[in-house]
Every structure is written in C-alpha cells, then in structure tokens.
Amino acid sequence: MWLLTYAAGLAVAAWLLDGIWFEGATTGSEAFRDKWLQVLAVALILGLVSTFVEPVVKLLSLPFIILTLGFLLLVINAAMLLFTAWLAGIVDLGFHVDGFWSALVGSIIITIVGWGVRVAIPYRG
C-alpha cells in the first residue's frame, strides 16, 4: 500500500510541478508506458529513505523541530525528496527535482496525495 501512495504522490507532483519530472515521453499512452516502472522504482527509493534515513534525521534535529514549532519538518521532507532524486540519479532512473522550492512543494503534494489514497483505499491487513 505504501508503494502505491508514494507512486501516486510522485506522479501527481511530477504532473503539477515543472521542477519535478521523469525523463521520457511527455504525452499520451507513451508517457505511461515509458514512466510507470520509473515511478515505482523512485517510490521504492522514497519509501526506503522515509523508513531508514528520515527517522534518524528527525531524531537528531528534534530540538530544532520543537523550536520551530514543527516547521522544520517541511524542510526535512523536502531534503528527503532531494536525497531521493540524488539516489535515483545514481541508479539512472531519470527522476529530477530542480531545487529546494520544487522539493518543498513536491513533498507537500506527495503527502496530501498519499493521505488521499489511504483514505480512498483503506488498508485492512
């Protein structure tokens, strides 16, 4: 289920923002055929980053999170998306995030879309 939520969020963020994109065709069914595996692979990387890296970063920055009343969490989420794009670049997945502001807005979109998917498709596992 988490892979679906991240994949949907990444796809919507790439669709809405010029600063986040996947390489390949840009229109029609060719875009879907070219990119569905890329989206799932990047969603897997984002899930692994969110599972293993993000909690450590949040724990180490907890005093600053409290001091900023939680707003630092937005910066951490943007940094995790940038880190995911960097890792995807290492394995040549063709996923790009063009700077901090795109990452910040993209991480918000991914969070909102993920929440919507979880609400629409409740997990009963």
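The values are calculated or read from the model by the stated rules, or taken from the named source; none is laboratory data. This structure is a prediction, so every number in the text was calculated from the model and none was measured. Note that each Cβ is placed from the backbone with ideal geometry, even for glycine, and that neighbours are counted across all protein chains shown. In case anyone asks, the SASA skips ligands and DNA or RNA and just uses the protein heavy atoms, side chains included. Shrake-Rupley method; radii C 1.70, N 1.55, O 1.52, S 1.80 Å.
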*Do you know which of the residues in the range 83-101 that are under 11 Å from the mean Cα position of the chain (by Cα) and in a helix (DSSP H, G or I) is farthest from Leu10 (Cα to Cα)?*
Phe83
*Residues in the range 20-32: is at least one among the aliphatic types (A, V, I, L, M), farther than 23 Å from Leu104 by Cβ and part of a helix (DSSP H, G or I)?*
yes
*Please name all residue pairs, on different chains or six or more residues apart, with Cβ atoms under 8 Å, provided the first residue is in the range 97-114 and is in contact (Cβ under 8 Å) with a residue 40 or more places away in the chain and the second residue is open to solvent by 30 Å² or more (accessible area, probe 1.4 Å) and assigned to a loop (DSSP other than H, G, I, E, B).*
Asp98/Asp18; Ser102/Leu17; Ser102/Asp18; Val105/Leu17; Gly106/Leu17; Ile109/Leu17
*Some residue of the range 73-84 being in contact (Cβ under 8 Å) with a residue 60 or more places away in the chain, open to solvent by less than 80 Å² (accessible area, probe 1.4 Å), under 20 Å from Met1 (Cα atoms) and of a type in the set (Val, Ile, Thr)*: no
*Residue list for the range 15-50, filter: touching a Ser or Thr at 6+ places or on another chain (Cβ under 7 Å) and either open to solvent by 80 Å² or more (accessible area, probe 1.4 Å) or under 19 Å from Val75 (Cβ atoms) (or both)*: Leu17, Gly19, Ile20, Leu46, Val49
*Tally of residues being under 21 Å from Ala41 (Cα atoms) and open to solvent by 50 Å² or more (accessible area, probe 1.4 Å) across the range 88-102*: 5
_Answer from Val53, Val57, Val12 - the residue that is touching a residue at least 40 places away in the same chain (Cβ under 8 Å) and either touching a strand residue (DSSP E or B) at 6+ places or on another chain (Cβ under 9 Å) or open to solvent by 30 Å² or more (accessible area, probe 1.4 Å) (or both)_ = Val12
*Just give me the residues in the range 60-72 being within 19 Å of Ser102 (Cα to Cα) and open to solvent by 60 Å² or more (accessible area, probe 1.4 Å), in sequence order.*
Phe71
